[in-house]
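Enquirer: Take a look at the following structure, please.
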Number of protein chains: 2
Amino acid sequence: VAIVTDVASVKATVLSELELLGTDLSRYVGSHPMAGREQAGTLSGRSDIFIGRPWVVSANEASSKSAVDQVEALALDLGASLVHLNPVEHDRAVALVSHAPQLISSLMAARLSDSEATDIALAGQGLRDTTRIAASDPRLWIQILSANSHEVAKVVSALKADLDQVLGSLNAVDKAGSLAAIGKLLEKGNLGVSRIPGKHGQRATEYAKVTVMIDDKPGELARLLTEIGEVGINLEDLTLEHATGAAVGLPELFVMPTVADKLVSELTQRGWKIVG
Amino acid sequence: VAIVTDVASVKATVLSELELLGTDLSRYVGSHPMAGREQAGTLSGRSDIFIGRPWVVSANEASSKSAVDQVEALALDLGASLVHLNPVEHDRAVALVSHAPQLISSLMAARLSDSEATDIALAGQGLRDTTRIAASDPRLWIQILSANSHEVAKVVSALKADLDQVLGSLNAVDKAGSLAAIGKLLEKGNLGVSRIPGKHGQRATEYAKVTVMIDDKPGELARLLTEIGEVGINLEDLTLEHATGAAVGLPELFVMPTVADKLVSELTQRGWKIVG
């Protein structure tokens with residue numbers, strides 16, 4: 001029997017359309033390989049982009065065990081990490097972690113579209129990060145958002161209720177309780193972001209950060225990382241920031257907290273400039 | 001004559017309080033060194049964190065030339081890049097590029113505070129980026145938001161109007177024009193994000209991206225960067241992504257588009273695996 005799967009970003013509408021068509025659902029298992037950041041063109045013919053990425057296998061109630069097994073085998077063959085969610089659970093999850101953030105990021109970025117260039121010139125990393133995904137393809141996202149409109153609207157409506165409360169507080173900052181209400185929402189944001197797993201599946205905050213100032217020229221970063229390798233310290237993550245208008249780079253090195261002191265002292269001994 | 005400056009994140013309220021006190025404003029020049037990402041503790045005793053960062057010098061109408069000169073000299077001595085904005089312009093700019101994004105990021109993150117852990121487990125880089133700054137200190141941000149409440153409310157109100165429109169469309173996706181309305185806002189987001197300068201002050205999109213798959217072990221990244229240095233290619237930016245549940249790392253190398261093909265062919269020749 002032929003097995004049918006799909007790789008769409010939304011699962012419940014696909015299933016309900018198949019139901020409407022009277023299809024044999026026992027040989028259908030929805031799936032959603034969460035690779036390529038849902039940007040157009042990324043899936044162009046490479047199988048290795050699935051390695052280590054979540055792959056949601058979304059069986060329906062009628063899916064046969066052998067059909068599920070084969071879709072799982074495909075995901076595992078491609079090196080993906082299996083996640084099992086039914087179509088409703090899947091759509092609720094992606095509305096929260098992907099579709100609503102996309103919309104909110106786009107709405108924030110839209111505020112920049114007709115503002116003064118001199119204002120935008122003050123942009124820092126915070127704005128870049130919050131609006132990065134707003135560069136995504138609108139045609140693709142109209143499809144995704146409309147196919148999952150119900151779940152996305154639920155998340156966005158709840159966010160709007162919080163936004164209304166903040167706006168009321170901002171418009172009456174001298175009123176008793178206004179600042180406390182804003183503070184409560186900011187704390188709720190702290191709590192929410194602390195629940196996001198890090199890239200390794202660990203909390204991102206479990207790493208210690210060491211910032212080094214290096215000359216912004218070829219080979220400097222390689223030299224730094226080579227010396228870190230020689231000391232035997234494993235880098236868990238790395239970001240590279242260039243200073244504006246100065247020929248220096250500011251790599252941020254993330255390591256396990258237990259080796260952070262060693263990293264700082266070893267690098268300092270070797271003449272590197274630690275700046276954070 | 002003693003010169004007075006300050007380093008607060010909001011400028012108009014500081015000035016108006018000094019006016020109310022009847023202070024001699026000729027020797028006051030507000031300033032805002034935009035370093036340290038406004039996180040607590042970062043400014044702890046280091047002068048080198050200002051290098052290459054914007055430093056807003058916000059003279060008032062009464063500020064004497066010598067007072068402005070001295071504050072500028074301080075900023076330049078510390079290696080910062082000077083930006084001149086009057087207090088009202090400054091507060092409008094930071095409301096747009098910093099304060100509103102902070103609030104929106106916190107409101108999105110707040111949605112994660114009481115949701116299912118299994119839903120959050122599907123989080124990808126998009127959610128991490130849009131909510132990263134929501135980890136900031138609420139006590140600090142209550143002060144900033146309330147001191148700049150008027151300008152922040154303006155940005156957030158406009159965003160709310162867009163949000164209301166999207167919600168209406170999501171709740172009626174089958175209605176004529178609904179998808180077009182969502183698409184228009186997503187395109188406005190595209191336009192907005194394209195106006196943000198890159199870390200070097202260039203557009204971030206001017207770089208070409210090459211993703212390499214490496215073994216997730218000490219020394220591999222250093223070896224890769226050493227070889228790139230040997231080829232004489234300058235890395236403009238670098239991000240490092242670890243695959244979930246697989247011992248591989250996925251460094252994304254950003255280079256000038258003119259050298260991207262050379263980078264891919266040189267790395268391939270040397271046996272590196274290019275995956276994007």
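The values are calculated or read from the model by the stated rules, or taken from the named source; none is laboratory data. Bear in mind the structure is a predicted one, so any value in this text is a computation, not a measurement. Glycine also receives a Cβ, built like all others from the backbone with ideal geometry; neighbour counts cover every protein chain displayed.
Enquirer: Based on this model, can you work out whether residue A:118 counts as in a helix (DSSP H, G or I) and touching a strand residue (DSSP E or B) at 6+ places or on another chain (Cβ under 9 Å)?
Expert: yes
Enquirer: Which pairs do you get when a residue that is closer than 25 Å to residue A:160 by Cβ and facing another protein chain (nearest Cβ under 7 Å), found in segment A:107-124, comes within reach of a residue that is assigned to a loop (DSSP other than H, G, I, E, B) and of a type in the set (A, V, I, L, M, F, W, C), reach meaning Cβ atoms under 8 angstrom, with the pair 6+ apart or on two chains?
Expert: Pairs found: A:112/B:196.
Enquirer: Turning to a different aspect of this structure: Looking at this structure, is residue A:228 within 11 Å of chain B (Cβ to nearest Cβ), modelled with pLDDT of 80 or more and buried (at least 20 other Cβ atoms within 10 Å of the Cβ)?
Expert: The answer is yes for residue A:228.
Enquirer: Among the residues in segment B:214-236, are any among the basic types (Lys, Arg) and not in a helix (DSSP H, G or I)?
Expert: yes
Enquirer: Mind counting the residues in segment A:166-189 that are modelled with pLDDT under 95 and either among the acidic types (Asp, Glu) or closer than 11 Å to residue B:135 by Cβ (or both)?
Expert: Going through segment A:166-189 one residue at a time, the tally reaches 1.
Enquirer: Filter segment B:156-191 down to residues that are among the basic types (Lys, Arg) and at the interface with chain A (Cβ under 7 Å from one of its Cβ atoms) and give me whichever is surrounded by the fewest Cβ atoms within 10 Å (Cβ to Cβ).
Expert: B:160
Enquirer: Looking only at segment B:196-210, filter to residues that are crowded, with 18+ Cβ neighbours inside 10 Å and at pLDDT 85 or above; which one of those is nearest to the chain's Cα centre (by Cα)?
Expert: Filtering segment B:196-210 for residues that are crowded, with 18+ Cβ neighbours inside 10 Å and at pLDDT 85 or above, the one nearest to the chain's Cα centre (by Cα) comes out as B:196.
Enquirer: If you check residue B:55 against the conditions, is it aromatic (Phe, Trp, Tyr) and under 30 Å from residue A:102 (Cβ atoms)?
Expert: So residue B:55 fails the test.
Enquirer: Residue by residue through segment B:1-12, note down the ones that are over 24 Å from the mean Cα position of the chain (by Cα) and either part of a helix (DSSP H, G or I) or of a type in the set (S, T, N, Q) (or both).
Expert: B:5
Enquirer: What are the residues in segment B:107-159 that are of a type in the set (Val, Ile, Thr) and more than 15 Å from residue A:92 (Cα to Cα), if any?
Expert: Once the filter is applied, which keeps residues that are of a type in the set (Val, Ile, Thr) and more than 15 Å from residue A:92 (Cα to Cα), segment B:107-159 yields B:130, B:131, B:133, B:142, B:144, B:152, B:155, B:156.
Enquirer: Could I ask something else about it? Being more than 28 Å from residue B:59 (Cβ to Cβ), more than 7 Å from every other protein chain (Cβ to nearest Cβ) and under 17 Å from the mean Cα position of the chain (by Cα), is that true of even one residue in segment B:83-92?
Expert: Scanning segment B:83-92 turns up no residue that is more than 28 Å from residue B:59 (Cβ to Cβ), more than 7 Å from every other protein chain (Cβ to nearest Cβ) and under 17 Å from the mean Cα position of the chain (by Cα).
Enquirer: Which of the residues belonging to segment A:121-155 are part of a loop (DSSP other than H, G, I, E, B) and surrounded by fewer than 20 Cβ atoms within 10 Å (Cβ to Cβ)?
Expert: Answer for segment A:121-155, where residues must be part of a loop (DSSP other than H, G, I, E, B) and surrounded by fewer than 20 Cβ atoms within 10 Å (Cβ to Cβ): A:121, A:137.
Enquirer: Further question on the same structure: Would you call residue A:68 free of Cβ contacts under 8 Å to residues at least 40 places away in the same chain, farther than 30 Å from residue B:54 by Cα and facing chain B (nearest Cβ under 7 Å)?
Expert: no
Enquirer: Could you tell me which of the residues A:112, A:140, A:96 is in contact with a Lys or Arg (Cβ under 9 Å, 6 or more places away or on another chain), modelled with pLDDT of 90 or more and more than 24 Å from residue A:197 (Cα to Cα)?
Expert: A:112
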